[in-house]
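Right, one structure below, let's go through it.
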Amino acid sequence: MADLWWIYSKPVPADGRELCTLSLQCSCITVVIGGLFYNWMFASLEYPWHLSVATAVSFSLLLLLTLLLVHPARCVFSMIMPTLGTKQGRKLLFSTCIMIAVVNITPNIISNIKTILQVIKCICKNSSDSLLNSTALLDKVSWEFGDAIQDTIRSFYKPMNGHFRFSLVQNSSLIYQKMHLAGEKISREFLSVEVLVKDSVQVANRLAAGFFMLCLCFESTWYLKNYLTDLRFDNFYITKKLERLAVDRGAAHLLVGSSKKLIRPTGLKLSWEEVVLCLVQAMLVTVALMLMLVVVAVDHFAFSVADTAVRRAAQFSPVPVTLNIKYKVEIGLVPFLFKVFGSPSEELLLGDFNRTYHHHLIFSSARCSISPPTPPSPSVLLVVGLLFCILYASVFLEAYARRLCRETAASFFQGCEERRVLHLYRKLSRRHRKE
């Protein structure tokens, strides 16, 4: 492995064997990166497969030529891997979490809201049916009551028509049509909102993912540029070259006295600045986690409400309605005259009308088409949880990722590393003489 890395990090291969080894290494790297790039574009960013394939193949060929011919580009590419453990890599993971929430969680919330609206629509439709049937019952009652009047009263003071005129809504299909149109309009509005939100976030996520990838490359390039041009940049490590230089010059005590300010790149010790940076980044990840938990909680709440609405709607029992009509009438002036003349007046009394009618108000029916509520997907929650575990791990591994970037740059540019070690040694010597 050491020999393979030495060949990979050399500016120019020494012979044909090293050239073939370097070509094989770069080819394997480009195949793996091309496959990951295709999967990222097709599965995560949801680009068409033909566009994903064409872009992945073009990117792989360009990457292969760049790695073979440009030595600093190999160094930048090698530093991109540990740079994924820094804030730029976390931005990509945040983008992935947002895309997962938009593609999987948001449609689930909207689907459960649609189920709730379907329950409301079903209740409205059945209750309107019951109300229309109740008007038909009133029409039946009025005609029976009118027939009773016609049959009871004698013909010489019988009214021309004993029936009541009860205005009914005869065109009930118009009501159903309007309710159906209202439901379809609401469904179309929800569908348009869902499509608009999904498309907008998808485009924003694609732009953000491309921007973050460019930032990732820029971060590695910026680190390499500072490493090559600034001897003080990220130069506070006790490396093996620094130890050998101090031992050769008889100044090993310099490293012992400065152990509080210098750290070993292969050790686990973190400086105070690194600890503070980890805490700040952990707070930012926690804020993002809270926002994601709010979205997940809304998903569970929408499912709970939809499930409760469907179960309660199925348990609605018909409400009995009883209509009792008790009516008795007698003529006021004529009975008075009969009393004056002493004649009986029983025949002038209208016979009693006492009937009871029963009706049921129905709020739910098995004929209603209600889609079942969709529970939250455990796999989506698992993926989001794993991504946030990686985010928290990257927060505390960022310092070690930066150290790995430095080791990578040092292996590619050993001459620059020797100058940096000599600069740090002189700085420690001057500080020791002043003290």
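The residue pairs whose first member lies in the stretch 27-42 and is within 17 Å of residue 202 (Cα to Cα), whose second member is open to solvent by 80 Å² or more (accessible area, probe 1.4 Å) and among the basic types (Lys, Arg), and whose beta carbons are closer than 6 Å, counting only pairs six or more residues apart or on different chains, do not exist in this structure. Restricting the stretch 378-435 to residues that are among the basic types (Lys, Arg), surrounded by 13 or more Cβ atoms within 10 Å (Cβ to Cβ) and more than 16 Å from residue 229 (Cα to Cα) leaves a set whose member that is nearest to the chain's Cα centre (by Cα) is 402.
Residue 278 fulfils the conditions (1) at pLDDT below 85; (2) in a helix (DSSP H, G or I); (3) under 30 Å from residue 127 (Cα atoms) except for a single criterion, (3).
Scanning the stretch 258-282 for residues that are open to solvent by 50 Å² or more (accessible area, probe 1.4 Å) and in contact with a strand residue (DSSP E or B) (Cβ under 8 Å, 6 or more places away or on another chain) returns 264, 269, 270. Of everything listed in (1) under 29 Å from residue 98 (Cβ atoms); (2) not in a helix (DSSP H, G or I), the single unmet condition for residue 12 is (1). The condition (being surrounded by 15 or more Cβ atoms within 10 Å (Cβ to Cβ) and farther than 30 Å from residue 95 by Cβ) is satisfied by just one residue among 285, 305, 296, 319: 305.
Looking at this structure, is residue 385 out of contact with any strand residue (DSSP E or B) (no Cβ under 9 Å at 6 or more places or on another chain), of a type in the set (Gly, Ala, Ser) and at pLDDT below 80? Considered against the rule, which asks whether it is out of contact with any strand residue (DSSP E or B) (no Cβ under 9 Å at 6 or more places or on another chain), of a type in the set (Gly, Ala, Ser) and at pLDDT below 80, residue 385 comes out as no. Can you find, within the stretch 49-65, the residue that is farthest from the chain's Cα centre (by Cα) among those that are open to solvent by less than 60 Å² (accessible area, probe 1.4 Å) and of a type outside the set (Ser, Thr, Tyr)? Restricting to residues being open to solvent by less than 60 Å² (accessible area, probe 1.4 Å) and of a type outside the set (Ser, Thr, Tyr), the top hit is 64. In the stretch 270-286, the count of residues that are closer than 25 Å to residue 108 by Cβ and out of contact with any helix residue (DSSP H, G or I) (no Cβ under 9 Å at 6 or more places or on another chain) is zero.
State whether the residues of the stretch 82-102 include one that is under 24 Å from residue 200 (Cβ atoms) and modelled with pLDDT of 85 or more. No, the stretch 82-102 contains no residue that is under 24 Å from residue 200 (Cβ atoms) and modelled with pLDDT of 85 or more. Look through the stretch 71-90, keep the residues that are out of contact with any Cys (no Cβ under 6 Å at 6 or more places or on another chain) and of a type in the set (A, V, I, L, M, F, W, C), and return whichever of them is least open to solvent (accessible area, probe 1.4 Å). Filtering first and then ranking leaves 75.
Only one of the listed residues (93, 68, 117) is hydrophobic (A, V, I, L, M, F, W, C), touching a residue at least 12 places away in the same chain (Cβ under 8 Å), surrounded by fewer than 20 Cβ atoms within 10 Å (Cβ to Cβ) and under 20 Å from residue 393 (Cβ atoms). That residue is 93. Is it true that residue 267 is modelled with pLDDT under 75, closer than 30 Å to residue 397 by Cβ, of a type in the set (Gly, Ala, Ser) and not in a helix (DSSP H, G or I)? When the stated conditions are applied, residue 267 passes them.
The values are calculated or read from the model by the stated rules, or taken from the named source; none is laboratory data. Note that the structure is a prediction, hence the values are computed from the model and not measured. Neighbour counts run over all protein chains shown; Cβ positions are idealised from the backbone, glycine included. Just so you know, the surface numbers come from the protein's heavy atoms only, side chains and all, with ligands and any DNA or RNA stripped out. Shrake-Rupley method; radii C 1.70, N 1.55, O 1.52, S 1.80 Å.
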